[in-house]
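Here is the structure we will look at, set down as structure tokens.
The values are calculated or read from the model by the stated rules, or taken from the named source; none is laboratory data. All of these numbers come straight from a predicted model, not from anything done at the bench. Positions of Cβ are generated from backbone atoms using ideal geometry, with glycine treated the same way; all protein chains shown enter the neighbour counts.
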């Protein structure tokens, strides 16, 4: 049986929402040993999205999706794109992170 949990939340694209988003991530990842690392990465990506994309404009938004599986946390952050059009950087695309805290070893 697969034990996973996925949640998505849409937040206003305003700088004062960054700590709100961080707290939300912390709440969603209770008992996750890398929760602080995930929250820090999400904070940095969201802050950059708000500063450098349409998400930071009036009525802008940022979508955050968290998926927890045993030993894995995946985060997807979707912003509204850069004012100058798509560029080759994470903010022009759907950003996602994966954290694996149960690495497997090869015992051959």
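What is the one condition in (1) modelled with pLDDT of 80 or more; (2) buried (at least 16 other Cβ atoms within 10 Å of the Cβ) that residue 71 does not satisfy?
That leaves (2) as the condition not met.
In the range 2-56, which residues are surrounded by 13 or more Cβ atoms within 10 Å (Cβ to Cβ), part of a loop (DSSP other than H, G, I, E, B), at pLDDT below 95 and over 13 Å from the mean Cα position of the chain (by Cα)?
32, 34, 53, listed by residue number.
Answer yes if at least one residue in the range 81-92 is under 16 Å from residue 12 (Cβ atoms) and at pLDDT 55 or above, and no otherwise. Lay out the reasoning, then the answer.
Taking the range 81-92 as the starting set, the residues that turn out to be under 16 Å from residue 12 (Cβ atoms) are none.
No - not one qualifying residue is present in the range 81-92.
Residue under question is residue 29, and the condition is that it be within 20 Å of residue 78 (Cβ to Cβ) and out of contact with any strand residue (DSSP E or B) (no Cβ under 8 Å at 6 or more places or on another chain); does it hold? Break it down stepwise before answering.
Values: within 20 Å of residue 78 (Cβ to Cβ): yes; out of contact with any strand residue (DSSP E or B) (no Cβ under 8 Å at 6 or more places or on another chain): no.
Here the answer is no, as residue 29 does not meet what is asked.
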